[in-house]
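I have placed the structure first, in the form of structure tokens, so that the comments after it can refer back to it.
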Amino acid sequence: QAGKAFRKFLPLLDRVLVERSAAETVTKGGIMIPEKAQGKVLQATVVAVGSGAKGKDGQIQPVSVKVGEKVLLPEYGGTKIVIEDKDYYLFRDGDILGKYLD
């Protein structure tokens, strides 16, 4: 599903395009959480990556994440991009805080 949308957009250099995970709207006990009380979602899935940035020696340093991986984002930052009516965010590889291991 995501592959079709990204034929129109490819991140450059060390940029990573992510789709934020949906916010929790119900607690484990079944209580509905109002929109204002929902925290900012910091988990996202990588949907596209750039080729990498040039290092000091002129060699291309590849991006540290791959498409499909789940990552932890900073609370603020990123550039919002709308592709086919869906919101995505563009971050630099160095801004991503970590990735979740299965």
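The values are calculated or read from the model by the stated rules, or taken from the named source; none is laboratory data. Quick caveat: nothing in here was measured; it's all calculated off a predicted structure. These accessible areas exclude ligands, DNA and RNA; they are computed on the full protein's heavy atoms, side chains included. Shrake-Rupley method; radii C 1.70, N 1.55, O 1.52, S 1.80 Å.
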Problem - Residue-span extension gain [L72 to L97] - 0.36 nm each, minus C-alpha spacing - result: 8.5 nm
Practice task
Roll a 1.4 Å probe over the protein heavy atoms and report the accessible area of E19 in Å², nearest 10.
Solution key: 50 Å²
